[in-house]
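A short write-up of the structure that comes next.
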2 protein chains.
Amino acid sequence: MTVSLAQIRERSGEVFLEGCPTRVVLDHIMSKWGVLVLLALTDGTLRWGELRREVEGISEKMLASTLRTLEADGLVVRTSYPEVPPRVEYALTDLGRELMERMLPLVDWVAEHAGTITGRPA
Amino acid sequence: MTVSLAQIRERSGEVFLEGCPTRVVLDHIMSKWGVLVLLALTDGTLRWGELRREVEGISEKMLASTLRTLEADGLVVRTSYPEVPPRVEYALTDLGRELMERMLPLVDWVAEHAGTITGRPA
DNA sequence: CGGCATCCCATTGGATACTG
DNA sequence: CAGTATCCAATGGGATGCCG
């Protein structure tokens, strides 16, 4: 389970180079809203309106563009039901769930230490 | 090792609320340059100039502000030697190393899958 | 060498209004 | 309900120049 920097360099020797795919994906999932949306979807499928309420402070514009990016990355699926009124649901894909398995321990650690970290003298 | 969303909510029931400490710290470490700088420091102490070269594409301004943020968060230590010409070294703190233990598996996974992800049809 | 200060532009992102 | 479109404000971030 322990991973070294050397291993990462083997898989993606270019992490530190501009335009490398790893950087691009990291920018998507590590973005301010990306993490929160992925996190919200971790405990199950949500509708557009539910997501909007769950992720407090996100604007419609940002929710839309974040979802489109994550969907294009294959991390999230969008399912639209032909009903009136319209219903659209978002969920993690298998890839997305794999990702979140790695992301949750990190977020958990941050949640545990965030108080200490922001509480220290500037 | 497995972590549930419920656990995270317990530690920080506010992850989804604006202004919550967890959000702030996540913004620091998950920022475009934050990850890369932390990653670069993972295999050891680096001087300013080395960091600048290692993290390709970063400007002096961004390197400076990223380092100051991470230092204020207690994740990075800055050591200045009173020499001429000046020498300054940056390294992870214990807290920073703990963080990277959780971050590396994630980055490793992304490095492994980045090609597939960005390669899919829009 | 290791920065900080300044200027400036591009992109991000929010608020509002409107549509299928 | 689930978006899109538009406009505008804030910020991110690059280039340059100066200083210890």
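When residue B:79 is tested against the conditions (1) crowded, with 18+ Cβ neighbours inside 10 Å; (2) within 16 Å of DNA strand C (Cβ to nearest atom), the lone failure is (1). With respect to residue A:18, determine if the residue is surrounded by fewer than 19 Cβ atoms within 10 Å (Cβ to Cβ), of a type in the set (D, E, K, R) and not in a helix (DSSP H, G or I). It is true that residue A:18 is surrounded by fewer than 19 Cβ atoms within 10 Å (Cβ to Cβ), of a type in the set (D, E, K, R) and not in a helix (DSSP H, G or I). Any chance segment B:51-73 includes a residue that's away from DNA strand D (no atom under 16 Å from the Cβ), under 20 Å from residue A:118 (Cα atoms) and in contact with a Cys (Cβ under 9 Å, 6 or more places away or on another chain)? No, the conditions are met nowhere in segment B:51-73.
Among the residues of segment A:50-57, at least one is surrounded by 19 or more Cβ atoms within 10 Å (Cβ to Cβ), within 23 Å of residue B:4 (Cβ to Cβ) and of a type in the set (A, V, I, L, M).
Can we say residue B:42 is more than 8 Å from every other protein chain (Cβ to nearest Cβ) and among the polar types (S, T, N, Q)? Spelling it out, it is not the case that residue B:42 is more than 8 Å from every other protein chain (Cβ to nearest Cβ) and among the polar types (S, T, N, Q). Cβ separations smaller than 6 Å between residues 6+ apart or across chains give the following pairs from segment B:34-45 residues that are surrounded by fewer than 20 Cβ atoms within 10 Å (Cβ to Cβ) to residues that are of a type in the set (Gly, Ala, Ser): B:45/B:91. Within segment B:45-64, being more than 7 Å from chain A (Cβ to nearest Cβ) and charged (D, E, K, R) holds for B:47, B:50, B:52, B:53, B:60, B:61. In segment A:98-121, is there at least one residue being under 25 Å from residue B:20 (Cβ atoms) and more than 11 Å from every other protein chain (Cβ to nearest Cβ)? No, segment A:98-121 contains no residue that is under 25 Å from residue B:20 (Cβ atoms) and more than 11 Å from every other protein chain (Cβ to nearest Cβ).
Residues in segment A:56-69 that are away from DNA strand C (no atom under 11 Å from the Cβ) and charged (D, E, K, R): A:68 only. How many residues does segment B:13-36 hold that are within 7 Å of another protein chain (Cβ to nearest Cβ), more than 15 Å from DNA strand D (Cβ to nearest atom) and modelled with pLDDT of 85 or more? Residues that pass the stated criteria total 3.
Residues satisfying the criterion are present in segment B:86-97 (criterion: within 21 Å of residue A:7 (Cα to Cα), of a type in the set (D, E, K, R) and more than 7 Å from chain A (Cβ to nearest Cβ)).
Only one of the numbered conditions (1) crowded, with 16+ Cβ neighbours inside 10 Å; (2) modelled with pLDDT of 95 or more is not met by residue A:61, and that is (1).
Right, residue B:41: closer than 23 Å to residue A:107 by Cβ and touching a Phe, Trp or Tyr at 6+ places or on another chain (Cβ under 7 Å) or not? It is true that residue B:41 is closer than 23 Å to residue A:107 by Cβ and touching a Phe, Trp or Tyr at 6+ places or on another chain (Cβ under 7 Å). Of the residues making up segment B:37-55, at least one is within 14 Å of the chain's Cα centre (by Cα), of a type in the set (D, E, K, R), modelled with pLDDT under 95 and away from DNA strand C (no atom under 15 Å from the Cβ).
The values are calculated or read from the model by the stated rules, or taken from the named source; none is laboratory data. The structure presented is a predicted model; accordingly, all values stated were derived computationally and were not measured. As a convention, Cβ positions derive from the backbone with ideal geometry for all residues, glycine included, and neighbour counts pool all protein chains shown.
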